[in-house]
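> Below you will find the structure I want to go over with you.
The values are calculated or read from the model by the stated rules, or taken from the named source; none is laboratory data. On a predicted model such as this, the values are computed, not experimentally measured, just so you know. Note: ideal-geometry Cβ built from the backbone for every residue, glycine included; neighbour counts use all protein chains shown.
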Amino acid sequence: MNSTSLWYATRASGIVALILLTLTMVLGLVTTTRPRARNWPGFAQQEIHRRISIMAVVFVAIHVFTSILDTYVHIGWLAVVVPFASPYSRFWVGLGTIALDLMVAVFVSSLLRAHLKPGTWRAIHWLAYASWPVALIHTFGMGTDSREHWVIALGALCVLAVGLSLAWRVRAAAKRRASVPTTANHLVPLNPHVTTARTRGPL
Amino acid sequence: MRIRIDPVACEAYGYCAELLPEAISLDEWGYPIVDDRPLDSELMALAKRAVRDCPKRAITLLDKTSG
Amino acid sequence: MTQANPVQALDDVHRLLGHPSDLRGHLNAHGPLNVPLGRNGSWQQDLVTSLEASGLNGRGGSAFPTSIKLALARSAGRGGSVVVNAMEGEPASDKDTLLLIRTPHLVLDGAQYLGALCHAARIVVCIPIGRDPVATAVNQAILERARNCYAPVREEIVRPPGRFLAGEESALTNWIESARPLPVFRPDKGAPLRLGGRPALVHNAETLAHIALIARHGAGPFRARGMTEEPGTSLVTISGDVKYPGVVEIDRGTPLWDIATRSQPVASVQALLVGGYGGTWVGPGHFGTPYAPIALRTIGAAAGAGVIAVLGETSCGLAESARIARYLAGQGAGQCGPCVYGLPAIADDMARLARGEGSGEDIVRLHRRLDQVNGRGACRHPDGAVNLVRSALAIFAGDVAAHGQGHPCRHWRKPTSLRFPRTVGL
């Protein structure tokens, strides 16, 4: 395994990981509660979301290992978990480390979901909203392929996909909130009645 | 084995009704209505899956003797 | 069955009402508290036996046997709390308010007796925001007791928000613990409530007053009133189309009609609402039913919060029921989907029916919704609303037919005879 093939492996697995992470985000965002009518099974979407996230983790692992094993530039094992510990391209690799750390937190918390309070699990899962953009910026910051037209187009597609999904989710949540009935008292005439003196005695 | 749903935790994701339509149906607002009959053994695997998959952990399985 | 005696002598010491409200007068009427300090095993046993013998059950709506509730709490450990439930969330009910303003010491004594039996560390009196006269009276009483070193267990007042559900047992303890007046999903009702990890015994104010009288005078006087199967007296609030609304103390087993006439209905009575806004409409055929849980159950009703509302001929039963449904829909805790969505939908259906805009399909859909909503909340709030609407549709069936064909009675526009508070915000 020479340095060049390791380098290609790092770049390729990185791109694939970004695509898979984007898909994971989309599948996680586009979920509904109280569906009017759902044309596809929600439980299956949740399952696919999980499985794609596992694939993303696998590709990130390949990406990280090949980048460390490649001795052409020195990154070092410490930089896998500690941000900005890499001598090579300290800042951009550091962003990658941050994205990885957040991803691992999300992943591990989901594995242990049954043992966590729902609020705790949810809070950790929200770190995904930080992990994805950091991974995206890391991709383009590293610079290796980021001038290629197809990579730029891919990046734009990823941003579009997550952006649209996020907008959809925000709108769906607002619609759901608005559909909770307010119970105005105006439909049937009601006295503007204030209870009279409470100290009426026994009859 | 019976199904019990915590109505406070439930937020009508509807996955349980998709997995177990034989025992769970949805009312007009998307919330689950559970058939109170004891579960068939063939449905047990699906029932356990419904318990695992509920995003709000609102569904549990009870022994017939407890609860 | 003892004959219900509507006229009670004012100096009958065993009445709940009619006693002086200051501590000295209270002691003159009832004698000392007599809770022995230190080892008091035989005193405890005697009191427990008295309570069992009395057959007292809860006067807050549950009608749960007091002695059983006590046994569960006692087995759950020491150092807990006795919670006085004076929330009186039922808009048509005044009895607890009156009791606490007129005879706070009787209620507080009841809590002290239970506190001694459970080795409680404190007594928490829950008075809602919006009932300041009650808080003032109880506070004064507590200060008086403290000045005279009268109360063995520490007494304190808390002020939860005045919502309908805030007086539900588990909502009350939940609020005390975490400031959220929301009922808790409790599939196992036998497990006692807990506050700060220790047991909490929650009782309606009137129940505690009865306990105080039984502890002082024994189970005999209590059992001498009312019926053998349903002994004692109850406080009932009468409202609606009557000349003299108010609170009356009646022997259990008094026929509903005899209670209602105490307030002098202003017109011919077409129905009585028994139990509260989650209760049941009762038609003329059942006006003779004795006011007692067992008898009321046979006609599908319950004593509930001790409320009887009188509906005269000049009111529209459907319109009043629609208003109640609307009120109840707005008073849910907002935790459970079927209640949050179902009750307003049912209220909408009832409102349309009251206005004469409903149709046959609307009525069918309403029945379906009632079936769907019943029993699917964490507490009994939706069940109460369903019960009320179902009984309205049954008792006012004639109106349902007429309104459903676009011919509403002319009374639906008339201002309500029922009592609804300004909604108190959380």
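> Mind listing whichever residues of the range C:194-208 are in a strand (DSSP E or B) and within 18 Å of C:Ser67 (Cβ to Cβ)?
Of the range C:194-208, the ones in a strand (DSSP E or B) are C:194-195, C:198-204.
Answer for the range C:194-208, where residues must be in a strand (DSSP E or B) and within 18 Å of C:Ser67 (Cβ to Cβ): C:Pro199, C:Ala200, C:Leu201, C:Val202, C:His203, C:Asn204.
> In addition: Considering the range C:27-41 alone, what residues qualify as being surrounded by 10 or more Cβ atoms within 10 Å (Cβ to Cβ) and either β-branched (Val, Ile, Thr) or closer than 16 Å to C:Gly115 by Cβ (or both)?
C:Leu33, C:Asn34, C:Val35, C:Pro36, C:Asn40
> Here are A:Gly163, A:Gly143: which of them is surrounded by fewer than 17 Cβ atoms within 10 Å (Cβ to Cβ) and modelled with pLDDT of 95 or more? Walk me through it before giving the result.
Working: A:Gly143 fails: modelled with pLDDT of 95 or more.
When all the criteria are applied, what remains is A:Gly163.
> So if I check each of C:Ile346, C:Ile363, which one is among the β-branched types (Val, Ile, Thr) and under 22 Å from C:Glu90 (Cα atoms)?
On the way: C:Ile363 fails: under 22 Å from C:Glu90 (Cα atoms).
Residue meeting the stated conditions: C:Ile346.
> Restrict the check to the range C:125-138 and report whether at least one residue is of a type in the set (Gly, Ala, Ser) and within 11 Å of chain A (Cβ to nearest Cβ). Walk me through how you get there before you give the answer.
Of the range C:125-138, the ones of a type in the set (Gly, Ala, Ser) are C:130, C:135, C:137.
Checking which are within 11 Å of chain A (Cβ to nearest Cβ) leaves us with C:130, C:137.
Yes, there is a match, as at least one residue in the range C:125-138 is of a type in the set (Gly, Ala, Ser) and within 11 Å of chain A (Cβ to nearest Cβ).
> Follow-up. Specify the residue that is surrounded by the fewest Cβ atoms within 10 Å (Cβ to Cβ); the eligible residues are those in the range C:186-210 that are closer than 18 Å to C:Pro293 by Cβ and in contact (Cβ under 8 Å) with a residue 40 or more places away in the chain.
Let us first name the residues in the range C:186-210 that are closer than 18 Å to C:Pro293 by Cβ, namely C:189, C:203-204, C:206-207, C:210.
Narrowing further to those that are in contact (Cβ under 8 Å) with a residue 40 or more places away in the chain: C:203-204, C:206-207, C:210.
Working: C:His203: 28, C:Asn204: 27, C:Glu206: 29, C:Thr207: 25, C:His210: 28.
Looking at residues that are closer than 18 Å to C:Pro293 by Cβ and in contact (Cβ under 8 Å) with a residue 40 or more places away in the chain, I get C:Thr207.
> How about the range A:88-105: which of its residues are without any contact (Cβ under 8 Å) to a residue 24 or more places away in the chain, surrounded by 15 or more Cβ atoms within 10 Å (Cβ to Cβ) and either hydroxyl-bearing (Ser, Thr, Tyr) or in contact with a strand residue (DSSP E or B) (Cβ under 8 Å, 6 or more places away or on another chain) (or both)?
A:Thr97
> What's the total number of residues in the range C:233-267 that are in contact with a helix residue (DSSP H, G or I) (Cβ under 9 Å, 6 or more places away or on another chain) and either at pLDDT below 90 or polar (S, T, N, Q) (or both)?
3
> Hey, another quick one. What are the residue pairs meeting all of these: first residue in the range C:65-86, first residue touching a residue at least 12 places away in the same chain (Cβ under 8 Å) and on the phi > 0 side of the Ramachandran plot, second residue surrounded by fewer than 24 Cβ atoms within 10 Å (Cβ to Cβ) and among the small types (Gly, Ala, Ser), Cβ atoms under 6 Å, and 6 or more apart or on different chains?
Close Cβ pairs satisfying both conditions: C:Gly79/C:Ala121.
> Could you tell me which of the residues A:Arg171, A:Arg198 is loosely packed, with under 15 Cβ neighbours inside 10 Å, part of a loop (DSSP other than H, G, I, E, B) and either of a type outside the set (Phe, Trp, Tyr) or at pLDDT 90 or above (or both)? Explain how you work it out, then say what you get.
Values: A:Arg171 fails: part of a loop (DSSP other than H, G, I, E, B).
Answer to the check: A:Arg198.
> For residues in the range C:224-233 being of a type outside the set (Val, Ile, Thr) and out of contact with any Gly (no Cβ under 7 Å at 6 or more places or on another chain), which is surrounded by the most Cβ atoms within 10 Å (Cβ to Cβ)?
Taking the range C:224-233 first, the residues of a type outside the set (Val, Ile, Thr) are C:224-227, C:229-232.
Then drop every residue that is not out of contact with any Gly (no Cβ under 7 Å at 6 or more places or on another chain), which leaves C:224, C:229.
Working: C:Ala224: 12, C:Glu229: 14.
Among residues in the range C:224-233 that are of a type outside the set (Val, Ile, Thr) and out of contact with any Gly (no Cβ under 7 Å at 6 or more places or on another chain), the one surrounded by the most Cβ atoms within 10 Å (Cβ to Cβ) is C:Glu229.
Residue-by-condition table, conditions (1) closer than 25 Å to C:Ala29 by Cβ; (2) out of contact with any Cys (no Cβ under 7 Å at 6 or more places or on another chain); (3) modelled with pLDDT of 90 or more; (4) of a type in the set (A, V, I, L, M):
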site	(1), (2), (3), (4)
C:Glu90	no, yes, yes, no
C:Ile101	yes, yes, yes, yes
C:Pro104	yes, yes, yes, no
C:Leu117	yes, yes, yes, yes
C:Ala146	yes, yes, yes, yes
C:Val153	yes, yes, yes, yes
C:Pro160	no, no, yes, no
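> Of the numbered conditions (1) touching a helix residue (DSSP H, G or I) at 6+ places or on another chain (Cβ under 6 Å); (2) at pLDDT below 95; (3) hydroxyl-bearing (Ser, Thr, Tyr), A:Thr24 fails exactly one; give the number of that condition.
(2)
> Is at least one residue of the range C:333-348 hydrophobic (A, V, I, L, M, F, W, C) and either more than 9 Å from every other protein chain (Cβ to nearest Cβ) or more than 28 Å from the chain's Cα centre (by Cα) (or both)?
Yes: the range C:333-348 contains one or more residues that are hydrophobic (A, V, I, L, M, F, W, C) and either more than 9 Å from every other protein chain (Cβ to nearest Cβ) or more than 28 Å from the chain's Cα centre (by Cα) (or both).
> For the range C:132-154, which positions are closer than 15 Å to C:Ile101 by Cα and either without any contact (Cβ under 8 Å) to a residue 40 or more places away in the chain or crowded, with 21+ Cβ neighbours inside 10 Å (or both)?
Our first condition is that a residue be closer than 15 Å to C:Ile101 by Cα; within the range C:132-154, this holds for C:132-144.
Once the filter is applied, which keeps residues that are closer than 15 Å to C:Ile101 by Cα and either without any contact (Cβ under 8 Å) to a residue 40 or more places away in the chain or crowded, with 21+ Cβ neighbours inside 10 Å (or both), the range C:132-154 yields C:Asp132, C:Pro133, C:Val134, C:Ala135, C:Thr136, C:Val138, C:Asn139, C:Gln140, C:Ala141, C:Ile142, C:Leu143.
> Next question, about the same structure. Mind checking which pairs have a first residue in the range C:356-372 that is within 13 Å of chain B (Cβ to nearest Cβ) and a second that is of a type in the set (S, T, N, Q), Cβ under 6 Å, 6 or more apart or different chains?
From the range C:356-372, no pairs qualify.
> How about the range C:251-264: which of its residues are under 21 Å from C:Leu418 (Cβ atoms) and within 13 Å of another protein chain (Cβ to nearest Cβ)?
Start the filter on the range C:251-264 by keeping residues that are under 21 Å from C:Leu418 (Cβ atoms), which leaves C:256-257, C:259-264.
Within the range C:251-264, C:Ile259, C:Ala260, C:Thr261, C:Arg262, C:Ser263, C:Gln264 qualify.
> Within the range C:294-310, can one find any residue that is at pLDDT 95 or above, over 30 Å from C:Phe185 (Cβ atoms) and more than 13 Å from every other protein chain (Cβ to nearest Cβ)?
yes
> Let me ask another. Quick check, is C:Ile127 buried (at least 24 other Cβ atoms within 10 Å of the Cβ), in contact (Cβ under 8 Å) with a residue 40 or more places away in the chain and in contact with a Ser or Thr (Cβ under 8 Å, 6 or more places away or on another chain)? Working first, answer last.
Details: buried (at least 24 other Cβ atoms within 10 Å of the Cβ): yes; in contact (Cβ under 8 Å) with a residue 40 or more places away in the chain: yes; in contact with a Ser or Thr (Cβ under 8 Å, 6 or more places away or on another chain): no.
No, not satisfied.
> If a residue counts only when it is more than 10 Å from every other protein chain (Cβ to nearest Cβ), surrounded by fewer than 16 Cβ atoms within 10 Å (Cβ to Cβ) and not small (Gly, Ala, Ser), which strands (runs of 3 or more DSSP E) contained entirely in chain B have at least 1 such residues? First the steps, then the outcome.
Numbers: elements: B:2-5, B:24-26, B:32-34, B:59-62.
Filter on chain B gives B:59-62.
Per-residue answers, yes or no, for (1) outside the structural domain of C:Ile238 (by TED's automatic domain parsing); (2) of a type outside the set (A, V, I, L, M, F, W, C); (3) closer than 20 Å to C:Glu156 by Cα:
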residue	(1), (2), (3)
C:Ser50	yes, yes, no
C:Gly58	yes, yes, no
C:Ala63	yes, no, no
C:Gly79	yes, yes, yes
C:Thr97	yes, yes, yes
C:Ile101	yes, no, yes
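> Which one of these does C:Ile68 not meet: (1) surrounded by fewer than 24 Cβ atoms within 10 Å (Cβ to Cβ); (2) of a type in the set (A, V, I, L, M); (3) farther than 18 Å from C:Ala219 by Cβ?
Unmet for C:Ile68, out of (1) surrounded by fewer than 24 Cβ atoms within 10 Å (Cβ to Cβ); (2) of a type in the set (A, V, I, L, M); (3) farther than 18 Å from C:Ala219 by Cβ: (3).
> Take the residues in the range B:3-42 that are at pLDDT below 90 and of a type outside the set (D, E, K, R); name whichever of them is farthest from the chain's Cα centre (by Cα).
B:Ser41
> Determine whether the range C:362-379 contains at least one residue that is farther than 25 Å from B:Ile33 by Cβ and part of a helix (DSSP H, G or I). Even if it seems obvious, please write down each step before you answer.
If we filter the range C:362-379 for residues that are farther than 25 Å from B:Ile33 by Cβ, which is where we start, we get none.
Scanning the range C:362-379 turns up no residue that is farther than 25 Å from B:Ile33 by Cβ and part of a helix (DSSP H, G or I).
> While we're looking at this one, here's another question. Within the range A:34-56, which residues are crowded, with 18+ Cβ neighbours inside 10 Å and either among the hydroxyl-bearing types (Ser, Thr, Tyr) or more than 14 Å from every other protein chain (Cβ to nearest Cβ) (or both)?
Of everything in the range A:34-56, those that are crowded, with 18+ Cβ neighbours inside 10 Å and either among the hydroxyl-bearing types (Ser, Thr, Tyr) or more than 14 Å from every other protein chain (Cβ to nearest Cβ) (or both) turn out to be A:Ile52, A:Ser53, A:Ala56.
> While we're on this one: Restricting the search to the range C:50-98, which residues are within 14 Å of another protein chain (Cβ to nearest Cβ), in contact with a strand residue (DSSP E or B) (Cβ under 6 Å, 6 or more places away or on another chain) and in a helix (DSSP H, G or I)?
Matches in the range C:50-98: C:Lys95, C:Leu98.
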